[in-house]
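The values are calculated or read from the model by the stated rules, or taken from the named source; none is laboratory data. None of the values given here were measured: they were computed from a predicted structure. Using ideal geometry, Cβ is built from the backbone for each residue, glycine included, and neighbour counts are taken over all protein chains shown.
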Amino acid sequence: MSSPSSGEMVFVEHTKGVNGLPKVILREVRGCSAEVYLYGAQVTSWKNEHGEELLFLSSKATFKPPKAIRGGIPICFPQFGVQGSLEQHGFARNRHWMVDPDPPPFLTCSPNKAFIDLILKHSEEDAKIWPHRYEFRLRVTLGPGGDLMMTSRIRNTNTDGKPFMFTFSYHTYFAITDISEVRVEGLETLDYLDYLKNKERFTEQGDAITFEAEVDKAYLSTPTKIAIIDHERKRTYELRKDGLPDAVVWNPWDKKAKATPDFGDNEYKQMLCVEAACVEKPITLKPGEEWRGRQELSAVPSSYCSGQLDPQKALQSS
Ligand code: TA6
């Protein structure tokens with residue numbers, strides 16, 4: 001999209017979304033785009049150059065705070081799941097973030113133009129449930145090739161000398177054609193905690209993961225690259241991560257889908273959550289210390305059977 005007056009490319013547009021909630025649209029020259037709501041600093045859309053949506057957003061998603069938005073990429077912080085005293089998945093996903101007026105520079109400067117810096121800081125309200133001072137900076141970048149990069153920088157700004165601990169996930173909802181035709185590569189033979197079996201620890205079998213029932217597992221100490229292969233769509237999602245040792249895989253299947261008000265009964269067939277996460281060993285930050293957690297998502301055309309892009313090759317390359 002170019003600006004009406006100058007005809008110049010608009011890489012970052014500040015606008016209003018559903019229910020007037022502020023959102024930012026990122027665009028790239030080839031036509032890719034991404035949308036980020038300041039509510040929850042949540043990416044709710046990521047489209048390729050053909051305008052095809054790559055993230056799942058429920059048709060029943062409510063954009064009504066304090067309810068979290070069902071779909072896209074919610075951020076779970078400072079608590080993943082129910083691992084602690086806070087509400088499920090912590091509070092970052094149902095807080096109003098600000099545009100960061102003065103983000104500290106990144107070590108490596110990138111040519112990217114389509115990015116936004118958001119910030120969430122401690123509040124008196126949150127201090128009642130999580131008594132810590134912190135700064136959470138998030139940069140969301142849409143690369144020229146359409147890749148989506150998310151970098152979180154969390155700093156402990158406590159003045160009482162106290163460290164704090166947290167768990168974390170980028171709770172990404174990938175849009176897929178048919179859950180029964182999808183495979184995930186990169187998690188074979190790993191240990192995982194099964195949240196459907198009281199977090200009991202198991203070891204995954206040797207083949208790619210496929211889906212035929214509800215799944216809710218946290219794979220531990222995974223490789224930094226994971227591939228999600230959507231055969232029907234001849235598309236492979238590559239997830240690359242840094243500072244996030246674990247990966248959560250979730251699909252509610254039919255019963256949970258029916259039982260979830262902001263989720264369509266059959267929508268479980270068109271989504272799969274694969275989350276770059278840190279859930280097994282919480283991160284501890286002393287005052288003044290900063291943690292960084294990054295994920296990069298790409299959607300590449302693939303025709304697994306023709307080996308044009310063998311996910312194993314994808315996992316081994318670059
Ligand atoms: O990440 C998987 C999970 O923890 C599942 O247990 C399921 O509850 C899902 O998150 C969705 O959680 P939400 O709080 O968004 O309904």
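Quick one: in segment 40-89, of everything that is among the small types (Gly, Ala, Ser) and free of Cβ contacts under 8 Å to residues at least 40 places away in the same chain, which residue is farthest from TYR268 (Cα to Cα)? Full working, then the answer.
First, pick out the residues of segment 40-89 that are among the small types (Gly, Ala, Ser): 40-41, 45, 51, 58-59, 61, 68, 71-72, 81, 84-85.
Keeping just the survivors that are free of Cβ contacts under 8 Å to residues at least 40 places away in the same chain gives 45, 51, 68.
Details: SER45: 18, GLY51: 22, ALA68: 18 Å.
Looking at residues that are among the small types (Gly, Ala, Ser) and free of Cβ contacts under 8 Å to residues at least 40 places away in the same chain, I get GLY51.
If we scan segment 83-93, do we find a residue that is away from the ligand (no atom under 14 Å from the Cβ) and surrounded by fewer than 18 Cβ atoms within 10 Å (Cβ to Cβ)? Lay out the reasoning, then the answer.
Going residue by residue through segment 83-93, those that are away from the ligand (no atom under 14 Å from the Cβ) are 85.
Of the ones still in play, those that are also surrounded by fewer than 18 Cβ atoms within 10 Å (Cβ to Cβ) are 85.
Taking every residue of segment 83-93 in turn, at least one turns out to be away from the ligand (no atom under 14 Å from the Cβ) and surrounded by fewer than 18 Cβ atoms within 10 Å (Cβ to Cβ).
Can we say PHE11 is at pLDDT below 95 and either more than 20 Å from the chain's Cα centre (by Cα) or of a type in the set (Phe, Trp, Tyr) (or both)? Please lay out each step first, then the result.
Working: at pLDDT below 95: yes; either more than 20 Å from the chain's Cα centre (by Cα) or of a type in the set (Phe, Trp, Tyr) (or both): yes.
Yes.
Look through segment 246-268, keep the residues that are buried (at least 18 other Cβ atoms within 10 Å of the Cβ) and over 14 Å from the mean Cα position of the chain (by Cα), and return whichever of them is nearest to ALA208 (Cα to Cα). Spell out the reasoning first.
Of the residues in segment 246-268, the ones buried (at least 18 other Cβ atoms within 10 Å of the Cβ) are 246-252, 257, 263, 267-268.
From what's left, over 14 Å from the mean Cα position of the chain (by Cα): 251-252, 257, 263, 267-268.
Working: ASN251: 16, PRO252: 19, ALA257: 24, PHE263: 27, GLU267: 23, TYR268: 20 Å.
That would be ASN251.
List, please: which pairs have Cβ atoms under 7 Å, are six or more places apart or on different chains, and start with a residue in segment 150-172 that is closer than 21 Å to ALA34 by Cβ and end with one that is polar (S, T, N, Q)?
MET150/GLN295; TYR170/GLN295
Name every residue in segment 139-175 that is in contact with a helix residue (DSSP H, G or I) (Cβ under 9 Å, 6 or more places away or on another chain) and away from the ligand (no atom under 16 Å from the Cβ), in order of residue number.
ALA175
Quick check on my filter: what residues within segment 63-77 are of a type in the set (A, V, I, L, M, F, W, C), more than 9 Å from the ligand (Cβ to nearest atom) and in a strand (DSSP E or B)?
Answer for segment 63-77, where residues must be of a type in the set (A, V, I, L, M, F, W, C), more than 9 Å from the ligand (Cβ to nearest atom) and in a strand (DSSP E or B): ILE73, ILE75, PHE77.
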